[in-house]
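J.: Have a look at the structure that comes next, please.
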């Protein structure tokens, strides 16, 4: 037989093999599919490499490796508009109505690593979570994020509780990874590994990840935010720490978002100051009666502090309480539009609620507490939040002991949002201060200083500050 005849026969045999595949021959290895799923995306639940079970590998159209050496490119625009195209090494960008098909040789890459969470557990349309009870990846570990190794986790076996509402449970230790589900306030989950930023948990029998700052070994006190009726919220004398309040005849006002994007998360917006006669009344600095550990408007060593100070006056003669109220109203509007419920501590020049009453109402009718202030210095220093002093006696006092890390997490998120909006940040964005507010808070709570007496507080500037605060709130709640 001539050489050119042999070549023609070999080519014919290869063509026949491809035809057999199209006709249903299953002598092939399944590809790895990492579907970054969006609305309208075809579901592809790939079988594990080498399993020999390819019956569910491709629902519409076949793209598979033949003896590990070649791929057939198929374009299929059937239901869902799925379009698979390209050749070996293709990694299609995930778009609405498309699916990503990656070369299995790209082991360790974000878009097609062998053994990826999406491949092993499957993915569903519109970004929904895999079916309950889906099998995790080999070794219960997701693929490396951007090629990085899994961060160190200290082994643990404990029940922990979500300390916020709608906390994301993710497939990996990265905020860009797939959301498997959400935890509600107080919902319990088993933690099997703890890291500095992320915790490894068992969620519906699947290994997942939750940001550590949203988990606590102590079950949070039941919050009234979701059950509270829209309207006035007054101090209830049965609430924890209510007995320490001296001025409490006023009322806060609860507003609920009305759009389809309502989140079920209530943000307390506390316009600092604005209580007539508050500067002449004293309340305990700490619920256990111990002395302040830092100076401030009240000196270190004092056991009582001004119930509500009158605030400073800006360089242009504007009273601080006027500006904090103007910002609070802007922030309220933006929060409601974004789907948050809002607890407004005051909406007028005077509300008869001292700092303890404000804090206790926030504890029982909201998911976080943000008090708005400007500093009394005159250097245009920038924004910062009042952090919990690194003093062992203070950090070991309840309720500070159980919540100071949450306060810091909220403060850091707010500073991040303000920085992203172009707001000047003072120093590292935090200043240690022993405050009445954080001494009585049982939810994430911060006093945020948005500048000082010479800072711009025009209407446009307040709008920028409100946008930055909203961005920080979104980041804190994972929205």
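The values are calculated or read from the model by the stated rules, or taken from the named source; none is laboratory data. Not measured: the values here are computed from a predicted model. Heads up, the Cβs are rebuilt from the backbone with ideal geometry, glycines too, and the neighbour counts pull from every protein chain shown.
J.: Looking only at region 139-172, filter to residues that are more than 30 Å from residue 267 (Cα to Cα) and touching a helix residue (DSSP H, G or I) at 6+ places or on another chain (Cβ under 7 Å); which one of those is modelled with the lowest pLDDT?
T.: 143
J.: Looking only at region 190-205, which residues are closer than 19 Å to residue 175 by Cα and in contact with a strand residue (DSSP E or B) (Cβ under 7 Å, 6 or more places away or on another chain)? Lay out the reasoning, then the answer.
T.: Applying the first criterion (closer than 19 Å to residue 175 by Cα) to region 190-205 yields 191, 193-203.
Matches in region 190-205: 191, 193, 194, 197, 198, 199, 200, 201, 202, 203.
J.: Could you please let me know if residue 289 is in contact (Cβ under 8 Å) with a residue 40 or more places away in the chain, farther than 23 Å from residue 372 by Cα, assigned to a loop (DSSP other than H, G, I, E, B) and in the same structural domain as residue 361 (by TED's automatic domain parsing)?
T.: Numbers: in contact (Cβ under 8 Å) with a residue 40 or more places away in the chain: no; farther than 23 Å from residue 372 by Cα: yes; assigned to a loop (DSSP other than H, G, I, E, B): yes; in the same structural domain as residue 361 (by TED's automatic domain parsing): yes.
The answer is no for residue 289.
J.: Still on this structure, I have one more. Quick check on region 196-213: of everything there that is in contact with a helix residue (DSSP H, G or I) (Cβ under 8 Å, 6 or more places away or on another chain) and crowded, with 16+ Cβ neighbours inside 10 Å, which residue is nearest to residue 264 (Cα to Cα)?
T.: The selected residue is 213.
J.: Okay, moving on. Looking at region 430-447, can you tell me whether even one residue there is part of a strand (DSSP E or B), surrounded by fewer than 22 Cβ atoms within 10 Å (Cβ to Cβ) and at pLDDT below 95?
T.: No, region 430-447 contains no residue that is part of a strand (DSSP E or B), surrounded by fewer than 22 Cβ atoms within 10 Å (Cβ to Cβ) and at pLDDT below 95.
J.: Could I ask something else about it? Looking at region 295-311, which of its residues are crowded, with 18+ Cβ neighbours inside 10 Å and in a loop (DSSP other than H, G, I, E, B)?
T.: If the condition is that a residue be crowded, with 18+ Cβ neighbours inside 10 Å and in a loop (DSSP other than H, G, I, E, B), then 298, 307, 308, 309, 311 are the ones that fit.
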